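First up is the structure itself, then whatever we jot down about it.
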Amino acid sequence: MAAKLLGFCEELRGEGVAVGTSELLDAFAALSEVDWTSREDFREALAATIAKSQDDRRVFELLFERYFFRSAEAEAVQHGVTEHQEGATPAGEGERFDMSELSEAIREAMEAGDDDRMRDLARLAIAAFGRAEGSGVVGVDVQRIRRTLGLTAGQQPPNEDGSERPPIDREQLTGFERHLRRELERDLIERTETLPPSRPLAELDRALPTSPTQDLAAVHRAVSQMKRRLATLGHEQRGRKKGQMVDVRRTMRASLETGGVPLRLRYRPKRPRRPEIYVLCDVSTSVTSASVFFLSVLHALHDSFRKLRSFVFIERISEVTEVFEHERDFATIAQRISSEGGVADVSGYTDYGRVWLEFLTEISEELDPRSTVIVLGDARTNGREPHAEVFAQVAEKAGRLFWLNPEPKLYWNYGDSVMAAYERHCDGAFECWTTKHLENFVNVVAGAAPTPE
Amino acid sequence: MDNGSVAEVKEALAGVGYLADEPAALVSFLAQKLDKPVLVEGPAGVGKTELAKALSRATGRELVRLQCYEGLDEAKAMYEWNYRKQLLRIQAGGSQGEWEDVQDDIFSADFLLERPLMQAIASPEPVVLLIDEIDKTDQEFEAMLLELLSDFQITIPELGRIEATTMPIVVLTSNDSRELTEALKRRCLYLWLDYPELEREMEIVRLHAPDLPETLARRLVEVIRMVRSLDLKKPPSIAESIDWARTLLLMGAEDIDQETFTQSMSIIVKHRTDIDLVAERVGVKLADPLRAES
């Protein structure tokens with residue numbers, strides 16, 4: 001068993017879960033305390049000691065199923081045990097399965113929420129469809145089997161004899177689909193005798209937040225962290241010791257504690273200066289997919305900072321501070337910006353050079369070393385003059401300038417992207433299309449090590 | 001409950017009003033068996049802090065609580081020298097005592113102010129130590145905790161090492177607002193608490209609002225789940241379900257119809273945009289079946 005566990009941990013490590021020796025020792029210690037025969041306890045004990053985050057837990061669940069199923073299979077092959085599906089369902093004894101009966105049984109199991117039974121039925125369903133007929137793509141097969149069984153969420157058509165059937169809960173259906181998927185995956189593993197290539201979690205991670213409010217909430221969280229860090233780090237802290245004023249009154253007061261000896265000097269508290277932030281956000285068609293995300297970042301920034309001015313630009317620049325200040329609802333803001341942002345009247349091609357020129361003439365006098373400029377854009381100029389020297393002037397006047405690019409670093413400077421020309425003048429340029437990136441940006445701004453991706 | 005099985009732990013927790021699910025009971029059991037701290041994560045209001053309190057009630061141990069916040073430091077979490085007392089000692093014994101004596105004396109346990117962590121370690125009776133919302137502190141503080149969590153000891157430069165005489169049950173909670181360090185996680189058992197299943201939530205609600213009729217409780221939990229399935233900024237927590245159940249009792253409601261729902265909705269939804277969304281989606285749904293029935 002020890003060897004099995006070690007092998008399991010080895011696989012977990014392969015999937016990027018950090019399993020240290022101490023975790024392993026804990027796992028063994030935990031296992032000596034629980035009942036091994038209970039699958040639930042066994043798994044939970046392992047999970048509590050090995051998987052130390054939600055993400056790890058997800059990987060753990062997937063691997064746990066796969067690993068222990070496979071080792072069981074291997075044992076079975078070794079000992080010449082063949083699988084036979086006996087008595088899994090009342091309808092399952094014959095060679096051919098009656099589709100409608102199977103479908104009924106599944107409905108019942110779903111209604112009862114019986115997990116084990118659903119699993120058995122899922123295996124039956126797969127067997128009924130014949131393993132060879134599968135398309136080989138798990139997702140496709142799952143849907144095909146579900147459709148053939150006539151299972152859909154929501155209200156159900158009445159039975160043939162006219163009696164009502166209870167509606168199927170979407171969650172329960174997903175539960176059944178999950179079983180199907182798992183069984184199909186197992187099947188695939190068995191047939192090909194290899195683990196499927198590393199799962200597409202990374203792909204999911206890449207997906208842009210598609211504007212649901214919870215993503216919005218995540219952005220808000222990241223930004224509120226950013227607020228604290230911008231306020232307490234950087235310029236405001238420089239020269240803190242210098243020019244501190246002794247507060248005589250408070251020092252005397254404090255000295256009473258120590259018998260009138262002013263042991264401890266009290267200083268006048270320094271009021272932290274409010275950071276001034278200017279955000280420029282590209283809303284052209286080339287960044288359409290990211291602009292919702294950017295707007296939500298803007299929205300969150302407005303929530304946190306009083307002194308914030310925001311601009312959107314395509315060909316020209318347009319200030320939208322007011323829109324954000326007067327409207328709380330994100331959806332309305334997005335709509336108002338697209339309708340009256342003042343950028344709708346142009347060709348739809350970004351002209352970064354012109355944007356800098358306009359920004360400089362309009363705002364430059366207000367920029368000072370305390371101000372932070374954040375640009376959200378892809379730096380694709382559509383072949384127009386980038387005016388990097390004007391950008392340099394902006395960068396010089398502002399205390400700090402950051403660039404958040406919605407494209408992966410790989411694509412920077414390909415085609416009409418002139419990121420390199422601008423990047424030189426930035427205090428930092430980051431790829432940013434998920435909240436994770438945003439957090440990363442916040443961390444870097446705060447001077448911490450970037451979080452590993 | 002100090003000995004026994006997972007089932008017994010679960011029962012003991014239920015006995016003090018905390019309905020734990022399988023993983024929670026198992027981890028609580030392991031925490032006592034292995035003397036390891038437990039890190040509990042999960043959305044706000046699923047009963048993370050409550051778990052620690054229940055553990056303390058079930059084991060009959062005292063609960064020592066350290067609420068974390070940004071800027072929490074050693075002096076407030078572990079110990080502090082009682083500066084005033086030290087000064088008094090110096091002034092009082094200045095004439096006769098040798099300086100060496102005084103020096104040794106003022107850095108003795110008598111002059112130490114115990115803060116929660118120290119209390120938990122030094123307590124002669126075993127305690128339950130709750131370190132609440134660890135994610136609110138900074139990484140430095142986490143690092144400071146490591147010695148305590150792995151060896152149950154605290155090193156005070158002037159005094160030396162203070163080891164725990166009894167093993168505390170340590171529960172750390174986190175709202176997942178920040179990734180905790182690997183070093184901290186390695187020392188803990190991990191438990192993710194999530195919103196409970198329908199049946200379990202119903203039991204919880206009925207436990208805390210025993211006068212609520214079963215049908216109403218079921219309806220309530222169903223509505224709560226409906227609300228949770230919407231895309232909200234802040235989905236209602238278990239604590240809010242319980243509050244809502246009590247509110248319904250006070251209102252003397254017999255069924256959750258559209259009217260009662262709109263009146264008491266603010267108990268479970270606490271963002272303006274969320275309220276609009278919930279009123280629009282759930283309120284309408286509640287109206288429909290009633291019309292169909294009548």
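The values are calculated or read from the model by the stated rules, or taken from the named source; none is laboratory data. Nothing here was measured: the structure is a model prediction, and the numbers come from that model. Cβ: placed from backbone, ideal geometry, glycine included. Neighbour counts: every protein chain shown. Heads up: the accessible areas ignore ligands, DNA and RNA and are worked out on the full protein's heavy atoms, side chains in. Shrake-Rupley method; radii C 1.70, N 1.55, O 1.52, S 1.80 Å.
Below is a table of values for the structure above.
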{"quantity": "Positive-end extreme of charge dipole, region B:1-123 - chosen from B:Met78, B:Val27, B:Pro116 (charges on Cβ)", "calculated": "B:Val27"}
{"quantity": "Shielded residues, region A:11-34 - accessible-area loss of 10 Å² or more between chain alone and all protein chains, probe 1.4 Å", "calculated": "A:Ala18, A:Ser22, A:Glu23, A:Asp26, A:Ala29, A:Ala30, A:Glu33, A:Val34"}
{"quantity": "Chain B: angle of helix B:198-208 to the longest principal axis, Cα-based, in degrees nearest 10", "calculated": "70 degrees"}
{"quantity": "Region B:93-180: chymotrypsin sites (Phe, Trp or Tyr not before Pro) in DSSP coil with no more than 16 other Cβ atoms inside 10 Å", "calculated": "B:Phe107"}
{"quantity": "Whole-Å distance, taken between Cα centres, linking region B:243-258 and region B:135-149", "calculated": "43 Å"}
{"quantity": "Residues in region B:188-231 that, when all protein chains are in place, have 40 Å² or more less accessible area than the chain alone would give (probe 1.4 Å)", "calculated": "B:Tyr190, B:Trp192, B:Asp231"}
{"quantity": "Gyration tensor (alpha-carbon) shape descriptor, chain B, a/c threshold 1.5", "calculated": "prolate"}
{"quantity": "Summed buried accessible area for B+A [probe radius 1.4 Å, Å², rounded to 100]", "calculated": "2800 Å²"}
{"quantity": "Placed amide H near B:Leu189: partners under 5 Å, 5+ positions off or other chain", "calculated": "B:Val38, B:Leu39"}
{"quantity": "Cα centroid of region A:8-43 to Cα centroid of region A:353-401, whole Å", "calculated": "54 Å"}
{"quantity": "Listing of region B:24-53 residues, each with accessible area lower by at least 50 Å² in the full protein assembly than in the chain alone (probe 1.4 Å)", "calculated": "B:Leu26, B:Leu30, B:Leu34"}
{"quantity": "Stokes-Einstein D (µm²/s) once Rh is taken as the Kirkwood radius of region B:226-265 over alpha-carbon pairs, at 37 °C in 0.692 mPa s", "calculated": "300 µm²/s"}
{"quantity": "Tilt relative to chain B, helix B:6-15 - C-alpha long axis, 0 to 90 degrees, to 10", "calculated": "80 degrees"}
{"quantity": "Computed magnitude of the charge dipole of region A:349-453 (debye, nearest 20; Cβ of K, R +1, Cβ of D, E -1)", "calculated": "220 debye"}
{"quantity": "Of all accessible heavy-atom area on chain B, the percent that carbon and sulfur account for (1.4 Å)", "calculated": "49 percent"}
{"quantity": "Distance violations [Cα-Cα > 27 Å] among B:Lys10/B:Lys185; B:Lys36/B:Lys233; B:Lys10/B:Lys233; A:Lys4/B:Lys53", "calculated": "B:Lys36/B:Lys233; B:Lys10/B:Lys233; A:Lys4/B:Lys53"}
{"quantity": "Percent RCO, i.e. relative contact order, over chain B, from Cα pairs under 8 Å lying at least 6 residues apart", "calculated": "21 percent"}
{"quantity": "Where chain B is the region considered: accessible area per residue in Å², 1.4 Å probe", "calculated": "47 Å²"}
{"quantity": "Cα long-axis angle, helix B:83-92 against chain B (0 to 90 degrees, to the nearest 10)", "calculated": "30 degrees"}
{"quantity": "Global geometry of region A:1-46, whether rounded, prolate or oblate, following the gyration tensor of its Cα atoms and the 1.5 cut on a/c", "calculated": "prolate"}
{"quantity": "Theoretical FRET efficiency, 1/(1+(r/R0)^6), r = Cβ-Cβ of B:Glu203 and A:Arg266, R0 60 Å, to 0.05", "calculated": "0.60"}
{"quantity": "Region B:52-197: relative contact order in percent, alpha carbon pairs under 8 Å with at least 6 residues between", "calculated": "29 percent"}
{"quantity": "Within the accessible area of region A:360-453 (1.4 Å probe), percent carbon and sulfur", "calculated": "51 percent"}
{"quantity": "Beta bridges per DSSP with both ends in region B:56-137, % antiparallel, nearest 5", "calculated": "35 percent"}
